[in-house]
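Contents: one structure, followed by commentary.
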Amino acid sequence: MRPLLLYAPNLKRYETDFLDSRKGWKSISVTGTYCAFNCKHCGRRVLESMIDGSAQDKIEKEVMEAVNRGDEGIILSGGSTLRGDVPIWKYSNLLKRYSDKLTIIVHTGVVKNEEIAMKFKESGVKIALLDMISDNDAIRDILGQPFTVNDYLNSFKYLKKVGIKIVPHIILGLSKKGLEGDLESIRLLQEVNPDALIIVGLMPLVGTQMNNSRPPTPEEMIVALKTARDTFPNIPINLGCARPRGKSFLEVEKFAVDYDIDAIAFPEDETYEYAKGKREIFLSYACCGNVVFDIFKVITS
């Protein structure tokens with residue numbers, strides 16, 4: 001079986017005998033809590049949990065501290081502009097000075113053309129993260145965006161064309177078409193040849209308009225992981241950090257171990273014990289999107 005990578009970036013409190021997220025890569029919002037959109041599933045709440053990097057001095061402090069700590073990378077995110085992209089590029093001069101010391105992973109938002117993609121490239125971005133949504137109704141009614149499925153697909157194409165690794169996220173439970181809509185998102189990505197694919201699940205957040213929404217079931221998570229692995233047998237498939245938790249979801253992680261899923265973020269203790277007798281395990285404090293580089297290092301080590 002493939003090696004199994006277990007990740008614990010500094011996105012939430014997570015302490016086990018084998019990983020401690022306090023040592024993990026930091027997540028920084030370049031817009032603070034601002035976003036031009038107010039997606040019903042997020043309501044800008046996700047931005048509140050990130051480090052504020054909305055000014056030059058703030059983000060420079062965080063980048064320098066990451067280097068001095070010996071971190072190998074950082075995760076940059078933030079709210080979207082009206083154009084759709086997260087304006088990482090406004091710190092381009094700063095970021096490219098450190099791009100040889102840190103792997104810069106970025107939530108790009110929608111990228112409308114190759115020129116914007118090149119701005120990310122010139123900022124030293126190595127890996128781009130972006131949700132893939134196969135449902136124009138969800139984009140309009142849940143995300144509140146004037147974009148289309150093609151805009152999302154083209155974003156990946158522009159980023160890939162300029163030489164940035166692309167790692168789409170599939171948020172199970174977001175499509176208004178149900179599970180079939182989520183699975184269609186996976187299939188559509190065959191157009192863009194992703195470098196890795198991350199499966200996550202809707203987590204209804206208090207204070208958002210989707211607080212009472214139904215999260216995906218363990219069975220739905222398993223179907224999505226299986227579909228992703230079968231559709232893309234030659235790239236890393238990850239079970240990402242944002243997903244429902246609880247005793248019933250332990251079966252999702254065990255399935256990931258048994259079905260050769262390449263990485264799991266914030267695994268349960270039981271999963272670690274379960275995997276030890278089945279697969280060679282590697283531990284990391286990176287964002288799990290870094291699997292595109294980690295898997296190569298693991299295979300060639």
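What to note about this one:
- From the list Leu159, Leu188, the one residue that fits, being surrounded by fewer than 24 Cβ atoms within 10 Å (Cβ to Cβ), of a type in the set (A, V, I, L, M) and in a helix (DSSP H, G or I), is Leu188.
- Per-region count, segment 245-280, residues within 20 Å of the chain's Cα centre (by Cα) and surrounded by fewer than 21 Cβ atoms within 10 Å (Cβ to Cβ): 4
- Residue, nearest to Gly32 (Cα to Cα), within segment 62-73, restricted to residues that are surrounded by fewer than 18 Cβ atoms within 10 Å (Cβ to Cβ) and among the aliphatic types (A, V, I, L, M): Met64
- Among (1) surrounded by 20 or more Cβ atoms within 10 Å (Cβ to Cβ); (2) in contact with a Lys or Arg (Cβ under 7 Å, 6 or more places away or on another chain) - the single one Leu76 does not satisfy: (2)
- Given (1) in contact with a Gly (Cβ under 9 Å, 6 or more places away or on another chain); (2) part of a loop (DSSP other than H, G, I, E, B); (3) crowded, with 18+ Cβ neighbours inside 10 Å, index of the condition Val167 fails: (2)
- Residue match in segment 135-146 (condition: buried (at least 17 other Cβ atoms within 10 Å of the Cβ), in contact with a helix residue (DSSP H, G or I) (Cβ under 7 Å, 6 or more places away or on another chain) and under 20 Å from Val292 (Cα atoms)): no
- Residue in segment 199-217 that is among the hydrophobic types (A, V, I, L, M, F, W, C), in contact with a Leu (Cβ under 8 Å, 6 or more places away or on another chain) and in a helix (DSSP H, G or I) present: no
- Within segment 209-244, the residues that satisfy the criterion of being under 20 Å from the mean Cα position of the chain (by Cα) and small (Gly, Ala, Ser) are Ala224, Ala228, Gly240, Ala242.
- Those residues of segment 107-145 which are outside any strand (DSSP E or B), touching an Asp or Glu at 6+ places or on another chain (Cβ under 7 Å) and within 25 Å of Glu180 (Cα to Cα), in sequence order: Val110, Ser134
- Test for Leu76: is it under 30 Å from Ala138 (Cα atoms), assigned to a strand (DSSP E or B) and not small (Gly, Ala, Ser): yes
- Of residues in segment 246-273 being part of a helix (DSSP H, G or I) and of a type in the set (Phe, Trp, Tyr), the one nearest to Ala228 (Cα to Cα): Phe255
- Selection over segment 146-156 of residues that are assigned to a helix (DSSP H, G or I) and either free of Cβ contacts under 8 Å to residues at least 12 places away in the same chain or at positive phi (or both) gives a count of 1.
- Considered as a group, the residues in segment 218-242 that are of a type in the set (A, V, I, L, M, F, W, C) and part of a helix (DSSP H, G or I) include one that is farthest from Asn10 (Cα to Cα), and that residue is Val223.
- Test result for Gly84, surrounded by 15 or more Cβ atoms within 10 Å (Cβ to Cβ) and at positive phi: yes
- Some residue of segment 35-45 being under 28 Å from Leu283 (Cβ atoms) and either under 18 Å from the mean Cα position of the chain (by Cα) or surrounded by fewer than 18 Cβ atoms within 10 Å (Cβ to Cβ) (or both): no
No value in this document is a laboratory result; all are computed from the given coordinates. Computed from a prediction, not measured in an experiment: that's the story for all the values here. Glycine gets a Cβ as well: all are built from the backbone with ideal geometry, and neighbour counts include every protein chain shown.
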